[in-house]
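Participant: Quick one: structure below, then a few questions.
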Amino acid sequence: MPIDWSPLKEIIDHQNRFVLTSHVRPDADALGSELGMAILLRSMGKTVQIINPGATPAHLQFLDPEAEIKSVHDSPALKKAILECDVHIVLDTSAWGQLGEVGKVMKTATTQKVVIDHHVSSDDLGATQFKDTSSPATGCLVYEFMQAINHTPDVRAASCLYAAIATDTGWFRFPSTTSKTMRTIASLMDAGANPAELYSLLYEQAAVPRLHLSGIVLQRVATACDGQLAYTYVTQSDFAKSKAHPADTENLVNQCMTVAGTRAAFILVQQANRKFKVSLRSRVNFDVTPIAEQLGGGGHRQASGAMLPGPRETALEKLIELFGEELKKQAPPGGLDEK
């Protein structure tokens, strides 16, 4: 069912000071959606700040050349801004656990809250929700709102939303991509988004350390569950050896999905606190959200995540066990070879 955007328009019409935020470790959909919405709100005469739980990853800073996206840890004044604004708009998540320190401050505020999101997993944030779990990206929802109020994005907003949608659809190859998605993309191109330039900025700016890390991690790829599951892991010593950054692990889990016969994949990435972030991926006939939710995480059918304690071998064993159980539950009617 299409979203009724009129309540959001009414909120915006009657309020002036907005704080936008998104999830920890923001991706291009989170950042692009925030920037697109911020540009829209400012065009409507509103005061806007973007305050995230953490810093913008280095490889996505091109989306925000003026560094207007702040980390809540940058200044005590930012927590005050969260408390004193008229409206919080949370984009690309609806889970308290994904909001980090920003969420802790928001919980103490009586400020009106809005959620714009496409994820299945969610909490009750006490917000007015504009949510469509069938949408391929939050960037699509921001564009839908623009359409609903007859607003045409400028070239910068169009570029941010294009990056948001292109990355969350795997450059339009994921099953969530529809003809409607492509019509949105065409409209963003008409508004000035340049696909070749954005692809280059997103995927052709790798530093040598990132390539070295990729080599280390991909060399470890293994399979389990009769070849239906591929997986690998990254340790803190890998980062030290390659001089790479945590953001450099992006897309490595998708490389695991290129192994013939797989239905699912995961990557464990050791964090500075020694815990492990796990990213789960799958083909269209397998839902990874039950596994993520058992681990206290969530996400989409084909892309979810969670945090696990160490040690690494215990985490690997647990994940392989959970995948084994779920692969049996979700065995395709035509047998394991059906894709």
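Values in this text are rule-based calculations from the coordinates and carry no lab data. Predicted model only: the values in this text are computed from it and were never measured. We place every Cβ from the backbone using ideal geometry, glycine too, and count neighbours over all the protein chains shown.
Participant: Take the residues of region 1-34 that are of a type in the set (D, E, K, R) and not in a helix (DSSP H, G or I): which is nearest to residue 143 (Cα to Cα)?
Facilitator: 4
Participant: Quick one: how many residues across region 162-197 are crowded, with 20+ Cβ neighbours inside 10 Å, in contact (Cβ under 8 Å) with a residue 24 or more places away in the chain and not polar (S, T, N, Q)?
Facilitator: Total satisfying the criteria: 8.
Participant: Further question on the same structure: Tell me, which residue of region 281-307 that is part of a helix (DSSP H, G or I) and in contact (Cβ under 8 Å) with a residue 60 or more places away in the chain is nearest to residue 170 (Cα to Cα)?
Facilitator: This residue is 289.
Participant: Kindly list the number of the only condition in (1) loosely packed, with under 14 Cβ neighbours inside 10 Å; (2) in a loop (DSSP other than H, G, I, E, B) that fails for residue 240.
Facilitator: Result: residue 240 passes all but (2).
Participant: Limited to region 273-299, what total is found for residues that are in contact with a helix residue (DSSP H, G or I) (Cβ under 7 Å, 6 or more places away or on another chain) and aliphatic (A, V, I, L, M)?
Facilitator: Count: 3.
Participant: Evaluate the following for residue 20: is it touching a residue at least 40 places away in the same chain (Cβ under 8 Å) and of a type outside the set (Val, Ile, Thr)?
Facilitator: On the way: touching a residue at least 40 places away in the same chain (Cβ under 8 Å): yes; of a type outside the set (Val, Ile, Thr): yes.
When the stated conditions are applied, residue 20 passes them.
Participant: To continue, here is another question. Can you list residue pairs whose Cβ atoms sit under 7 Å apart, with the first residue in region 142-156 being closer than 19 Å to residue 92 by Cα and the second being part of a helix (DSSP H, G or I) and not hydrophobic (A, V, I, L, M, F, W, C)? Count only pairs 6 or more apart in sequence or on different chains.
Facilitator: Qualifying pairs under 7 Å: 142/33; 142/36; 143/184.
Participant: Check every one of the strands (runs of 3 or more DSSP E) wholly within region 35-143 and list those with 2 or more residues that are surrounded by fewer than 22 Cβ atoms within 10 Å (Cβ to Cβ) and not acidic (Asp, Glu). Break it down stepwise before answering.
Facilitator: Working: elements: 47-52, 69-71, 87-91, 112-117, 128-131.
In region 35-143, the matching strands (runs of 3 or more DSSP E) lie at 47-52, 69-71, 112-117, 128-131.
Participant: Can you tell me how many residues in region 160-182 are part of a loop (DSSP other than H, G, I, E, B) and within 16 Å of residue 299 (Cα to Cα)?
Facilitator: Final tally of qualifying residues: 5.
Participant: Here's another thing I want to ask about it. For region 243-280, what are the residues that are under 24 Å from residue 203 (Cβ atoms), touching a Ser or Thr at 6+ places or on another chain (Cβ under 6 Å) and assigned to a strand (DSSP E or B)?
Facilitator: 264, 267, 269, 280
Participant: Of all residues in region 18-59, which are charged (D, E, K, R) and more than 20 Å from the chain's Cα centre (by Cα)?
Facilitator: Within region 18-59, the subset charged (D, E, K, R) is 25, 27, 29, 34, 42, 46.
Within region 18-59, 42, 46 qualify.
Participant: Residues to consider are 90, 120; find the one that is within 17 Å of residue 31 (Cβ to Cβ) and touching a residue at least 60 places away in the same chain (Cβ under 8 Å).
Facilitator: From the options 90, 120, the qualifying one is 90.
Participant: A follow-up question, please. For residue 303, which of the numbered conditions (1) of a type in the set (A, V, I, L, M, F, W, C); (2) crowded, with 20+ Cβ neighbours inside 10 Å; (3) over 21 Å from residue 260 (Cα atoms) fails to hold?
Facilitator: That leaves (3) as the condition not met.
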